[in-house]
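Structure in structure tokens, see below.
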Amino acid sequence: MSTASDFARTIRRRERAVGYWITLDAPPATERSARLGYDYVCLDAQHGLFGYQGMMTGLLAIDAGQTSAGLVRVEANDITPIGKALDAGAAGIIVPLVDTAEDAAPAGRARSTRRTAAARTDPCGRACASAPCRPPRTTRRSCPR
């Protein structure tokens, strides 16, 4: 079983990782591919034929395979697709068209912005900057604060 941390360790050690690329929105086929023992299965959101829902179901299918880490090649070096892929559950992302450190900077900012936003999320799930959390009036549950 290759967890996200196992896959990250393999990459950091610069060891060989064998993967399979998916371009179609076909969760049963994605799950079968993930069960074949690859180190990773990558959903190609840059050239693939699926949207956000397809990416989410594809990542769920990879997780159900229990042997491969789920990666996503995002469509652009931009905070929005990177954040969406990570929010959907990707163990990692591949950013296209990065040739220099300057090209990689937006992806790094997207990662740090996501961490900052997660740190400012209130326990009830709402983003809170400085105001105390107030749950929506439509719900009866109280904020755990």
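With the condition being within 24 Å of Leu97 (Cα to Cα) and within 14 Å of the chain's Cα centre (by Cα), I'd like the helices (runs of 4 or more DSSP H) fully within the range 1-68 carrying at least 1 qualifying residues.
Per the criteria, 4-12, 52-65.
Which members of the range 69-93 meet the condition of being in a helix (DSSP H, G or I) and of a type in the set (Val, Ile, Thr)?
Hits for the range 69-93 are Ile79, Thr80, Ile82.
To continue, here is another question. Which residues, taken from the range 1-26, are open to solvent by 90 Å² or more (accessible area, probe 1.4 Å) and within 22 Å of Val74 (Cβ to Cβ)?
Correct list: Arg12, Tyr20, Trp21, Leu24.
Right, another one. Can you name every residue in the range 77-110 that is of a type in the set (A, V, I, L, M), open to solvent by 70 Å² or more (accessible area, probe 1.4 Å) and within 21 Å of Gln53 (Cβ to Cβ)?
If the condition is that a residue be of a type in the set (A, V, I, L, M), open to solvent by 70 Å² or more (accessible area, probe 1.4 Å) and within 21 Å of Gln53 (Cβ to Cβ), then Ile79 is the only one that fits.
Take Ala69 and decide whether it is open to solvent by less than 40 Å² (accessible area, probe 1.4 Å) and on the phi < 0 side of the Ramachandran plot.
yes
State which residue pairs qualify: first residue over 12 Å from Ala88 (Cα atoms) and without any contact (Cβ under 8 Å) to a residue 40 or more places away in the chain and inside the range 37-58, second residue open to solvent by 20 Å² or more (accessible area, probe 1.4 Å) and part of a helix (DSSP H, G or I) in any location, beta carbons under 9 Å apart, and separation of 6 or more residues or different chains.
What qualifies is Asp39/Asp6; Asp39/Phe7; Asp39/Thr10; Phe50/Thr57.
Would you be able to tell me the number of residues in the range 27-55 that are more than 20 Å from Ala8 (Cα to Cα) and open to solvent by 60 Å² or more (accessible area, probe 1.4 Å)?
Qualifying residue count for the region: 6.
The values are calculated or read from the model by the stated rules, or taken from the named source; none is laboratory data. As the structure is a computational prediction, the values presented were derived from the model and not from experiment. For neighbour counting, all protein chains shown are included, and Cβ atoms are generated from backbone atoms with ideal geometry for every residue, glycine included. Keep in mind that these areas ignore ligands, DNA and RNA; they rest on the heavy atoms of the full protein, side chains included. Shrake-Rupley method; radii C 1.70, N 1.55, O 1.52, S 1.80 Å.
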